[in-house]
Every structure is written in structure tokens, then in C-alpha cells.
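First up is the structure itself, then whatever we jot down about it.
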Amino acid sequence: MEIVKGRPSTMNDSYQLNVHKLLEHAARVHGDTEVISDRRLQGGLRHRFTYRQVYERVNRIANAFERELNVAPGDIVGVLDWNDHRYYESYFSLPSIGAVTLELNIRLHPTELGYIIKHTKPKGLLVDDSLLQLAEVLSKEHDFSFILVMSDKPVEEIKTNLRVLGYEELLRSNSPNRPSLTVDERSAATAAFTSGTTGLPKGVFYSHRSIILHAMAVAIGNSLTPSDVGLQIVPMFHANAWGTPFASTMMGMKMIYPGRYTPDTLVEHIVTHKVTVTAGVPTILLEIVRRLQQMGVKTPGLRITSGGSEPPSALAKAFMELGGRVIQGYGATETSPLVSMALPKAELKELSDIERFEKMKQGLPIFGAEVKVVDPITNQELPWDGKSFGEIWLRGPWIAKEYYNDPRSSERFTPDGWWRSGDVGVVDPLGYIRLVDRLKDVIKSGGEWISSIDLENFLMAHPYVREASVVGVPHPKWGERPLAVVSLKPEYQSKDKEEVKKELREHLLKRFAKWQLPDDFIFVDEIPKTSVGKFRKEEIRSKYKDIYMGNG
């Protein structure tokens, strides 16, 4: 990419954007604002800190990393933990000395985690005491220089065959005073690995600069203010928890880190703390809204960003009735993850709330994220006309340019910095992105494309349906035909299944042509999901690959 060099500015352009400066700012400007950590389901306590206290704790543990554990700039340290205050502290402590916080997805299979460990060779490991068994498995594959146990109990009470040190003991034995180091903003601060359904995980190392710029975009897109109260639902091992910890720290918001949570404990926090902003995948948000409905509790002013997969309009409608609002976002591990948000333009003001929600879909690109639609066969850019379907390509300051030490980079990244997302979609003349499917998931039936996402969302709008996943499976005549895998709400599970199928077909005919409808419906108690709540479509396709092969 050619860069034109103009006249030098008079600005301090060498000032480095560093992640730890966020917490330093919060401690100075919002020092008395609370950070709450609930570790009860981890066998621990409920903690209340202020940003000032968290900053002191981070300085203490950073001193311990540097002076006692010999963590040096560029070293990688893995973290196995739930959404609690010690994970939050690791987002700042390790990057503040130039090291990298490696977010290890505790929901991955140990063999996948083992691959990540071998691929990155972390110097040390931070592990919550409830996850020591997993740490013991990983320690057989890699010799960590140190293992710190994060617990509310004294380290001498911890039972494990590992040689461990106590996080709190090290923290207390070190000073809260340390100089604020300046780290090259292009250095990696955190790292995460993709959790797709096929292939080995791929690593993304996020720079200080990318995290700061992304946090600004998250704060703007969510209209965050210091008076907001946030709840961290997105796992902190997944793409920097969607950037929320950094954006909320930047704004000095009160934050609740719910630890190892359930839908019930999340609802408890929402009601008790009057949460105003949160984010999550539709599967967990559906469970939250059902409990709120059962309790008859309203949530006025609650703003929820939904990502991971497209939220059904029924979810948005339910939260609207409770006084809240669901905003769609779009992104991926490779994009930090924010690319776009469903923010309304003036042209949509005459629409009803639900019509506006449907129109905005995955939203408008946030400044900093370049978007184009590309024909997947010719690689020619397509117009933003709302009709030209193609692969979404992305580029920007918080979007990866390659995977960490991985030859697969050439398959997904172009020489000029575009990431091929693998998502099929359109962009309309107003700039709103609408995803149709994944390239690998779009159903190709008789030469026509059928969107599994559209079918799923309309199915989940039916009152019988708890969750629905639609996949294309082989068909001897049409190449592929849609198959719907449906989980019914408990109160409808005893209904005659043939009657339910008929009801669902009639429901779908309100929006889809007959040839687009699933040829069959499979009813299951639970639809298999990935570690971040997406449907495991490859597993579903494999299980039912022969279901239509007798239909000539």
C-alpha cells in the first residue's frame, strides 16, 4: 500500500497508545467507581473494588511478574479463568510490562488447547483454582516456568500435583508503586485463538494500538458514559471479551464481572445493580429474557449488543416490551471483533421499532473498519445496492493482517491487508450490512441460494420454538436441500410432532417460497454449539448427511 508523505504536523504523534494507560486514567479520574467480581459459583467470594484499588493490585502483580517471575517484554503468559477480577487484572498487568496475555478458551477440547500451548509456548500460566484439573492436563504437554493459582483461599490449602505459587500472596508481597512504562504501541498486548467448527484454531495477536482504537469504537457505538453500569457476559477468553473491559475502563463505568455464571445469576445482577449495558450471543440472551418475563421484571434503559449470530426479531421484541433494546453487532476474532453496529439513520425514523431492527440487520460499518462486497469467484468488488451478494472483505487498524505463525494466512488475507471473512452478504445503499450466510453454510439447491440464517430467525419467531438451526444436506436431485433441527420450548415438547411440523411449515410460508422450506424437521432437546454459542453446523450436516439420499 503506497503512503503519501505530507508536511510534518506539530502534534505529539510519537505518543504511544498503551493498554495500561486506560486503567491508569480510570484510577485517576474515576477512582471511586466500583468494579464488582462474583466468584461464588467458582467456590469463592463476592468482591468489591474501586478502580483505584484495581490499579494498585495490577501494579503489585506486574511488579511480581517482572521482578520475581522474570517475565520479560515479548513473553507470553496464558490465562485459564472465568469472568472475574483477576482475569480483568491480567488484561493490564502483563501488557504493562510488554508481555502478552494469552486468552485460553476453557471450553475448547484439551487437545485444541494443547495445540495452542505448543504453538505459542507461553512462559507461565495463570489458573483459577476451579480449573486446576485442566491446568494439570496442559502441564503434561508443556513445561511452564511458573503457574500462579488465582484463588480466594491461601495457596497452602490448594490441592494439586502441580508446583504452584499463589497469585494473592505474590500480589501482597509486592509494592503498588511502579513507573508507568511506555511500550511500543505496535507490540502485542493480548492474544486469542479462533474457535471455529473445522480445522485447528488460528491465533490473533492484538496490539496495544489496535485495542485502544477498538475500545474507542466500542465506546462510541454503544454510547457509553461514566454513569452506565455494565455486565460482562461475553467470555473474557473470547476476542478480548468483545473489547468491553477496555471500553468500560476508558469511560470509568461501574462494571460487574459475574465469574462463572448461569442465566439466573446474570438476571440477579441485572436486577440488583440496574445494569444499563451488556452484550452476548442470542442463545444466552434468550435465556435471560425468559427469566425476566417469568419474574415480571422490567429493564428500562437496558442496552444489549447481540453478536456471534443474528438475533431473532422475537428476542428484540421481547426486550423492547421489557423496556430494553437489542442492538445487532457484527465482527469476528480477526476483527477485535467490532466491524458494524445497527445504529439508526434518519431515513429509518418513520419505521416501527421492529421494522427498523429488521432493516438495520448487522448494521453500519464503524469508522475504522473498511468493508467491501466481493464476488467469491471473480474477486471483483460488487456495488452497495442491497442485491449483489458476495463475500464480505474487511480491513482496518484493529483488523488482523495475518494469523500468528500460520501458513493458512495466505488463504484468508490479501497482500494489501483485506481479510476474507467467509461471510456471504450484501450492503444496501444506506450502508447497512446484511449477512445471508457463511460461504460454507449457504444452501445451494437446484442452482439457487437459500439463506439458512433467514430460515433460522423466522423459525425462532414461532412461539413453539426455543432454538432452530438450518443446514443444507445432500439431495440426489437438487444437490442440497434445507433441513431444520429444532429445540422446542418445554411447554410444547409433548405436542404431536407431525402437527408441529405442519404448524412450522405454515409459519415459514408467510415469508418464504415453498421451494425454500426445509424438506424435514428434526426435533432435539439441545442443538450442539461451539464454545462461544454458535451452532455446530458441520456436526449437524455430518450426522444427517444421508437423510434425503433416498429421495430421488
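Since every read-out is calculated from the coordinates, none of them should be taken as a lab result. A quick note: this is a predicted structure, and the numbers were derived from the prediction, not measured. Positions of Cβ are backbone-derived with ideal geometry, glycine not excepted, and every protein chain shown enters the neighbour counts.
Quick notes on this structure:
- 3J(HN,Hα) from dihedral phi, the range 8-24, Karplus parametrisation 6.51/-1.76/1.60, rounded to Hz, x for glycine, proline: x, 8, 9, 8, 7, 6, 8, 4, 8, 7, 10, 4, 5, 5, 4, 5, 4
- Placing +1 on the Cβ of every Lys and Arg and -1 on the Cβ of every Asp and Glu, with no other charges, gives the chain a dipole of roughly 360 debye about its Cα centre.
- Helix-only [θ]222 nm of the chain, DSSP H runs n ≥ 4, -39500 (n - 2.57) each, per residue, nearest 500: -8500 deg cm²/dmol
- Fraction of antiparallel bridges per DSSP, the chain only, in percent to nearest 5: 55 percent
- Across the range 251-260, computed HN-Hα scalar couplings (Karplus, 6.51 cos²θ - 1.76 cosθ + 1.60, θ = phi - 60°) run 8, x, 7, 5, 10, 10, 9, x, x, 7 Hz from first to last residue, x flagging Gly and Pro.
- Cα centroid separation - the range 1-46 against the range 451-489, whole Å: 43 Å
- Neighbourhood charge, 10 Å Cβ-Cβ cut-off, centred on K401 and excluding it, Lys, Arg +1 and Asp, Glu -1: -2
- Other-chain or far-sequence residues with amide H under 5 Å of V71's (modelled H): E66
- Candidates V100, P245, V326 compared by Cα position along the dipole of the chain: farthest toward the positive end lies V326, with charges placed on Cβ.
- Karplus-derived HN-Hα couplings along the range 125-140 (A = 6.51, B = -1.76, C = 1.60, θ = phi - 60°), whole Hz, x at Gly and Pro: 9, 9, 9, 5, 4, 6, 10, 4, 4, 5, 4, 5, 5, 5, 5, 6
- Assigned charges on the beta-carbon of Lys, Arg, Asp, Glu; the range 20-280 dipole about Cα centre (debye): 260 debye
- Charge context of S207, other residues only, Cβ under 13 angstrom, K/R +1, D/E -1: 0
- Between the C-alpha center of the range 381-411 and that of the range 251-290 there is a gap of 32 Å.
- Rule-of-thumb Rg ratio for the chain [Cα; 2.2 N^0.38 Å; N residues]: 0.99
- 5 angstrom amide H check on K529, placed H, neighbours 5+ away: R536
- Under 5 Å from the amide H of Y206 lie the amide H atoms of A189, T190, A191, A192, each residue being 5 or more positions distant or on a separate chain, with H modelled from the backbone and absent for Pro and chain starts.
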